[in-house]
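Visitor: Take this structure, written in C-alpha cells, and hold onto it; I'll ask about it next.
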Amino acid sequence: MILFVIYVALYLGFMILAAFDPELMAKPTPLAGVNLAIVYGVGLIVAALVLAFVYTLVSKSAESTP
Amino acid sequence: MLYTTSPAAIGIFLFFVAIVLGLSFYLGRRARSSRGYYAAHGQIHWAVNGVAFAGDYLSAASFLGICGMIAFSGYDGFLYSIGFLAGWIVALFVIAEPIKRLGKFTFADALDSAFDSPGIKLTAAISTLVVSIFYLIPQMVGAGSLITPLLGLPHWSGVLIVGVTVTLIVVTAGMVSTTWVQFIKGSLLVFFCFVLVMMILNRGLLVAPADPQTLDLSTLEALAASGHRIEPTGEWKTKPYIRLQFPDGKVVTIRGTKRSDLIGRGHLDDIVDFEIEQTVSVKNGKKLVNGLPQSADNDLHPVGTISKLPDGWVRSTGPLGPAEFIKTLNGSTIVTWPSEAIKDGDGNVTTVYYQKPRQGSDLLTPGASSTFAGVRSNDVMKKLDFLSLMLALFCGTAALPHILIRYYTVKDQASARKSTIVGIASIGVFYMLTLILGLGAMTSGALDPTNVNMAAPLLAKSFSNILFAIISAIAFTTVLGTVSGLIMAGSGAVAHDLLANLFRVEMDDHKQVFYGKIAATGLGILAMVLGIVFKDFNVAFLVGWAFNIAASANLPALVMLLFWKRTTAKGIAAAVTVGLLSSLGWILLSQQCYKDVYHIDPKLSVIPFSQPALVTIPLGFLTLVLVSLVTKQRSPAKS
C-alpha cells in the first residue's frame, strides 16, 4: 500500500508540474541534456516497473512467513 | 494520400490471420464447458497471461494513435503513454489479488460475490456492456482506417474483415484463443518495434533536401504571372493565403508568414515570406488535391522533416544513442504540417495543410498539441481538463472489463500478481519504444499529412517495404486482439450475468456457452455497424471516453467493495449507476461533443471542461458511501 502512495505522489507531482509550471519542464537536466519533461515521464515508467518488482519481493516474503 | 497496394502486405496479413484462426479452431475443440470458454480452464501460465495483458492493452490507440500523436504534435502523445501505464499500478497494487479471490468469470461476479443482488448484477452487466461498446468503436474505426490505405479497400471492408474474423474466433473458442491471440500480438509488437527503433537510431537525424516548397518574392511573381489569382471569398478573406490557378486547373496555395492579416485583401508586395502548401477539397463527390483530381501523379506529398539541426551538424548526424537522439531533436527546427478547414463563399470546404516550423524544444514539452495547448495558457478550466484526463487514464485501466476478465485465466493469486508484472514490464518497454518511434516518424519525411494513425507504419515503409508489410499486419492483429477481448467481456455480460444469473433463464453449462456465442455474434455485428457509422471520429477521443466511463462507474464500486466493510449491495448498485450516468451525461453535454458530434455552438454547453473524471469519480465514491450508510447490510449469500 505504501508503494502505491509513493507512486501516486510521483504521478501527482508530474501532473501538477506540467499543468502549472510548463517552463520548468523544458529545462535541460544533467541527464545527457534531455529536458525534464521527458526524464520525468520516462522516470514514471521506470518507477512503475521498479515498484512492481519490489512489490513481488515483499509479497513473496509475506507469503512464505505463515 | 493514395497508397499502392502491396502484395507482400496482403500476403503476410493473410498468413497471420490463417494462423490465428487455425489456433482458434484447434483450441476450440477443447473449450466445451463454460469454465473453459470464459476462463480458459484457469490454466494459462502467468508469463503467457502477462504478455497477453500487454497484447490486450496495446490496442490501436496505443500503437497507432500514440505514435501518430507524438509524430504530429510531440510530447503530448507521451502523456497518454504515461497515464495508461500508470493505471496499471492501480491495477496491480489495488485490484489484482483481491479480484482473483472473488469471482468466477466476469466483473459482475466479482462485485456481486458477497451479496447475490439483482441490482448489482444488472448495473454491473450494463456497465460492462457500455464500456466495452465505447472501447469497441475506436478499435473498429481504427481497423477501417488501417485497411483503406494499406490494402486499397474502402473503410467498411476493413471493419467487416475485423468483425467477421474476431467473431469467428470468439464463437469457436472463447477465452483460450483470445489469450493466445493477445500473446502472439504482444510479443510481435514489442519485438518489431524494437527493430524499428534500432533502425531509427542508426539512421540518426537528417536535414531535408533544400525545400522547393518555399519561395522568394521574385520566384513568386514569376509564378503568379503564368496563373491567375483566385479571388478570396467566404472565410478565405480573413486567412493569410493567396491562391493561384493555372490553365490546367492546378491550384497553388501560398501562405504568407508575415503581415498575414493583409494578404486576403492585399497586394503581392505585402508578402515578405511564404511557402507553398497542399490542399484537399471535395467537389461533386470527387476528391481534389491542389485543384486537380487525386491520382497517382497528383497527390499530397509526404511530410515530416527537419529544416535545421543544432550547431555542429550540417546535413546529418549519423547514428545516435537514444538520449542523444532526443537532445539533438530538442535543438532542431522541425517542419510540422497542421491543417485548417476553410469555407469559401459558395460553401465549398477546402482543407489546407500548411507548413509550420517549430523548435524541437517547443515540441518536446507538454502542451505542444492543440488538445493540450491549454496547459501552457493561464486558463484554469483548461488545466483542470488536462488533470481530469490524466486522472481518468490513471483510474480507468483497472476498471476496464476486458482487462479484468483476464485475471481469471490464471491458476491462483500469486500467478495473477506475477502476470500483471510481466504485463507492466512489456507495456512499459513498449511505451518507451513508441516515444522514439513517434519522434522518428516526425522526422522521417514519410508522414501522410491527412492521416495521423498511419505514422508508425509509414515510418516502417521509409526503411523497408517488408518491414512495412509486417508492421501493418501486426497493427491489424492489434485490433483483432483487442476486439476479441472486448467481445468476450460483452458476451460474458449478456450470457452469464444477465441471462443466467439475473433473469435466471434455465440453462446448463453447455447452454450458457451457446448463449455466450450468440451474444458474441450479436455484439460483433453491432460493433461492425458502429465502426462504420463513427468512421470519421478521432480514435483517441473515443478511447478517452471509455476510460472516463470505466473509471467513474466501475472503480469506486470495486475499490470500496474490496476495502470497506460497510459497503452494501444497494450502495454498489447506486455507485455504478451514478458513475455511469454522470460520466455519460457529462461527456454528451460537453463542449467537445457539441462541436464534433452535434455541430452546435460549443459555447451553449454548461459543462466547464470536457473530461468528467475529476468530478464523476469522486461522485461515484460519494454515492456509494452515502447509500451504503443509509441501507442495511444484507446477509451475505452462501457461496
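Residues checked against (1) under 34 Å from the mean Cα position of the chain (by Cα); (2) surrounded by fewer than 13 Cβ atoms within 10 Å (Cβ to Cβ); (3) modelled with pLDDT of 65 or more:
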residue: B:Leu205; (1), (2), (3): yes, no, yes
residue: B:Pro232; (1), (2), (3): no, no, yes
residue: B:Gln245; (1), (2), (3): no, no, yes
residue: B:Arg259; (1), (2), (3): no, no, no
residue: B:Glu275; (1), (2), (3): yes, no, no
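Visitor: To continue, here is another question. Consider B:Ala416 against the criteria (1) at pLDDT below 75; (2) within 14 Å of another protein chain (Cβ to nearest Cβ); (3) surrounded by fewer than 22 Cβ atoms within 10 Å (Cβ to Cβ): it satisfies all of them except one. Which criterion is unmet?
Guide: That leaves (3) as the condition not met.
Visitor: What's the number of the condition B:Leu363 fails, among (1) more than 24 Å from the chain's Cα centre (by Cα); (2) touching a residue at least 12 places away in the same chain (Cβ under 8 Å)?
Guide: Result: B:Leu363 passes all but (1).
Visitor: Follow-up. Just name the residue that is surrounded by the most Cβ atoms within 10 Å (Cβ to Cβ) out of those in the range B:419-430 that are within 16 Å of B:Ser187 (Cβ to Cβ) and within 7 Å of chain A (Cβ to nearest Cβ).
Guide: B:Ile424
Visitor: If you scan the range B:362-376, which residues turn out to be touching a strand residue (DSSP E or B) at 6+ places or on another chain (Cβ under 7 Å) and either at pLDDT 75 or above or under 25 Å from B:Thr253 (Cβ atoms) (or both)? Outline the logic, then answer.
Guide: If we filter the range B:362-376 for residues that are touching a strand residue (DSSP E or B) at 6+ places or on another chain (Cβ under 7 Å), which is where we start, we get B:363-365.
Of everything in the range B:362-376, those that are touching a strand residue (DSSP E or B) at 6+ places or on another chain (Cβ under 7 Å) and either at pLDDT 75 or above or under 25 Å from B:Thr253 (Cβ atoms) (or both) turn out to be B:Leu363, B:Leu364.
Visitor: B:Phe503: over 27 Å from B:Ser117 (Cβ atoms) and modelled with pLDDT under 70, yes or no?
Guide: Spelling it out, it is not the case that B:Phe503 is over 27 Å from B:Ser117 (Cβ atoms) and modelled with pLDDT under 70.
Visitor: Of these, B:Leu196, B:Leu201, which one is more than 18 Å from B:Phe476 (Cβ to Cβ), assigned to a helix (DSSP H, G or I) and either modelled with pLDDT of 70 or more or in contact with a Gly (Cβ under 6 Å, 6 or more places away or on another chain) (or both)?
Guide: Working: B:Leu196 fails: more than 18 Å from B:Phe476 (Cβ to Cβ).
Selected residue: B:Leu201, the only one of B:Leu196, B:Leu201 that is more than 18 Å from B:Phe476 (Cβ to Cβ), assigned to a helix (DSSP H, G or I) and either modelled with pLDDT of 70 or more or in contact with a Gly (Cβ under 6 Å, 6 or more places away or on another chain) (or both).
The values are calculated or read from the model by the stated rules, or taken from the named source; none is laboratory data. Computed from a predicted model, the values in this text were never measured in an experiment. Neighbour counts are summed over all protein chains in view; Cβ atoms, including those assigned to glycine, are modelled from backbone coordinates with ideal geometry.
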